[in-house]
């Protein structure tokens, strides 16, 4: 079984079907793109995978350590606990906490000490907190945020807030990372740097990545396979060259400029 397998996933809001009968899969270690026009259902699909929405029908299966875990119906914290983390199209940081605390707070789902140890400050508490802080420092170093770790998250420039959100997602130790338009609002220089970071963290953290993005130069460069949504339906899937030449995708989203690139 693939790392993630989605079967006939559907989500309706009253009379509107935002995601309709979508089936797809992601193998361990892949970097897969999810593209389509605005309103196609991409973020709704992410919300279904991560427990923000409960599917109207369909199943979401995640493979972990030889076990198949059904995700549909689980709450977001339960989904994160089994190894699926995400970023958001609109950045959602704890803006009045420091950069360091934004990362550290994401790590506490994996601590082994109990409330009593934390309250009484036993050695077990201090030892684990030291380990968490060291790991948080390492993540901030990767994203070049070490010199700003005591600043409030809301004071970071936009691009650095994007980097912090990815660092916080990595702090949960995911096996599958969902990135929702990580290059949105970035200039070409920032996008190029982000492209390198995504490729690097994939290898460094042994990640599988599903990426929503409108920047086709980024998608075509780093994604091995691409799924295309339009009006909530899956209209195409394949390797970048196949998607670039797919007539239905050209008409619905890409346009002739990208198909001829």
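The values are calculated or read from the model by the stated rules, or taken from the named source; none is laboratory data. Note that the coordinates shown come from a computational prediction; the quantities given were computed from them, not determined experimentally. Counting neighbours? That spans all protein chains shown, and the Cβs are built from the backbone with ideal geometry, glycine included.
Points worth noting:
- Looking at 99, 52, just one residue is touching a helix residue (DSSP H, G or I) at 6+ places or on another chain (Cβ under 8 Å), in the same structural domain as residue 147 (by TED's automatic domain parsing) and under 28 Å from residue 161 (Cβ atoms), and that residue is 99.
- Selection within region 110-158 - modelled with pLDDT under 90 and part of a loop (DSSP other than H, G, I, E, B): 111, 112, 113, 114, 121, 122
- Out of 68, 80, one residue alone is touching a residue at least 12 places away in the same chain (Cβ under 8 Å), outside any helix (DSSP H, G or I) and touching a strand residue (DSSP E or B) at 6+ places or on another chain (Cβ under 9 Å). It is 68.
- Residue, nearest to residue 2 (Cα to Cα), within region 30-39, restricted to residues that are out of contact with any helix residue (DSSP H, G or I) (no Cβ under 7 Å at 6 or more places or on another chain) and modelled with pLDDT of 95 or more: 30
- Any hit, region 183-198, residues being within 21 Å of residue 46 (Cα to Cα), in contact (Cβ under 8 Å) with a residue 24 or more places away in the chain and either over 15 Å from the mean Cα position of the chain (by Cα) or not assigned by TED's automatic domain parsing to the domain that holds residue 61 (or both): yes
- Condition check for residue 167: assigned by TED's automatic domain parsing to the domain that holds residue 217 and in contact (Cβ under 8 Å) with a residue 24 or more places away in the chain: no
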